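Read through the structure below, which is laid out as structure tokens, and then see the notes.
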Amino acid sequence: MGKSYKWGILGPGNIAGRWVEGLRLLPEAVLYSVGSREQARADDFAKLHGFEKAFGSYRELAEDRETDIVYVASPHSHHMEHVLLCLEGGKSVICEKAFAINAKEVRAMIDLAARKELFLMEALWPPFQPSYRYSKELLAGGLAGEILSIRSYFAFKPPYDPAKRLFNKALGGGALLDIGIYPVIDALWFLGKPDKIDVAASFAETGADSSIDVLFSYRTGKTASLYASFDTGIGIGTDLICEKGLISLRRNGDGSQVCRLEIYGGETEEKIFKPAARGYHFEALEVMKCLDKGKIESEVVPLSFSLDLIDTLDDIRQEAGIVYPGHD
């Protein structure tokens with residue numbers, strides 16, 4: 001077991017609660033501090049999850065001398081502000097996706113982390129998961145051949161509430177940044193940045209994108225068709241259409257992950273994975289492993305990948321006409 005690290009949570013909401021369940025699995029992780037805009041909310045979260053300290057402001061958390069690492073889980077619209085605050089306080093930071101609203105903000109975060117020589121990583125779930133790692137093994141083995149095309153989707157149907165984050169443009173709401181980022185991650189992870197992007201989107205009454213269709217085209221002739229929506233409940237899936245077979249990735253409501261290989265006219269193989277805490281602990285473990293080695297960025301999710309991701313998201317929303325007030 002390596003060195004122990006005192007973790008802080010900035011933004012004690014639902015996603016932070018799920019993430020903490022992953023932290024609990026890691027003996028190196030000390031549940032130490034919580035920061036919220038409201039003292040009562042910080043107190044409640046700390047008591048519920050067993051944290052030692054609770055602060056009624058984000059600045060107090062960022063300036064706490066004992067906290068080593070801060071997990072930022074505030075709305076997308078505030079990620080840059082809160083990441084910069086924590087970096088200025090000398091903290092290592094892992095920040096929820098989307099890293100920020102646009103590439104300008106992400107570059108400001110990365111620049112400050114570099115100047116301060118502090119660890120920074122975007123909390124991207126897929127690359128750390130056993131189903132995704134296994135799919136890479138299948139591709140490396142060559143049984144399915146090269147990927148020719150990708151079909152990826154993420155859709156669920158939440159109650160429409162214009163005041164909530166999902167439909168609130170001021171908080172970076174909309175299908176693209178909330179769930180559309182996952183199909184985009186998959187396309188970049190398996191095929192890289194596209195050479196051409198075509199987009200169609202539909203919008204809720206608030207002006208936030210409720211559904212988005214994206215087509216990536218590559219000079220090699222490969223394509224990726226991506227879909228994200230709050231208008232249907234089809235779930236989550238990615239199909240890698242290869243020369244000799246199909247590799248399918250699925251996520252289920254019980255937290256299980258499925259990777260299925262179907263060779264055209266031949267064998268079918270399926271593996272089911274069910275990591276504890278839905279696999280959130282893998283990201284936290286990566287942060288601590290990197291810090292043990294004196295690294296300031298991850299090789300699994302390097303900052304260059306986060307830059308490619310936010311650049312691509314910027315291109316998509318420009319094509320779709322998606323605007324976030326105060327960020328453009």
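The values are calculated or read from the model by the stated rules, or taken from the named source; none is laboratory data. No experiment lies behind these values; they were computed from the predicted model shown. Positions of Cβ are generated from backbone atoms using ideal geometry, with glycine treated the same way; all protein chains shown enter the neighbour counts. In case anyone asks, the SASA skips ligands and DNA or RNA and just uses the protein heavy atoms, side chains included. Shrake-Rupley method; radii C 1.70, N 1.55, O 1.52, S 1.80 Å.
Of all residues being open to solvent by 20 Å² or more (accessible area, probe 1.4 Å) and touching a Pro at 6+ places or on another chain (Cβ under 9 Å) in region 37-47, which is farthest from Gly89 (Cα to Cα)? Just the residue, please. Ranking the candidates gives Asp44 first. In summary, Tyr5 fulfils each of the numbered conditions (1) among the hydroxyl-bearing types (Ser, Thr, Tyr); (2) under 17 Å from Glu283 (Cα atoms); (3) more than 17 Å from the chain's Cα centre (by Cα); (4) surrounded by 23 or more Cβ atoms within 10 Å (Cβ to Cβ) with the single exception of condition (4). Residues of region 272-290 that are assigned to a helix (DSSP H, G or I) and either free of Cβ contacts under 8 Å to residues at least 40 places away in the same chain or open to solvent by 20 Å² or more (accessible area, probe 1.4 Å) (or both): Ala276, Ala277, Arg278, His281, Phe282, Leu285, Glu286, Lys289.
Scanning region 133-158 for residues that are under 18 Å from Val184 (Cβ atoms), in a strand (DSSP E or B) and open to solvent by 20 Å² or more (accessible area, probe 1.4 Å) yields Arg151, Tyr153, Phe154. The requirement of being open to solvent by 10 Å² or more (accessible area, probe 1.4 Å) and more than 20 Å from the chain's Cα centre (by Cα) is satisfied by Ser57. Residue count for region 10-36 under the criterion of being without any contact (Cβ under 8 Å) to a residue 40 or more places away in the chain, under 23 Å from the mean Cα position of the chain (by Cα) and open to solvent by 30 Å² or more (accessible area, probe 1.4 Å): the result is 2. Restricting attention to region 291-310, the residues being over 14 Å from the mean Cα position of the chain (by Cα) and surrounded by fewer than 16 Cβ atoms within 10 Å (Cβ to Cβ) number 6.
With respect to Ile322, determine if the residue is open to solvent by less than 30 Å² (accessible area, probe 1.4 Å) and not acidic (Asp, Glu). Spelling it out, Ile322 is indeed open to solvent by less than 30 Å² (accessible area, probe 1.4 Å) and not acidic (Asp, Glu). For region 216-248, the tally of residues that are assigned to a strand (DSSP E or B) and open to solvent by less than 10 Å² (accessible area, probe 1.4 Å) stands at 11.
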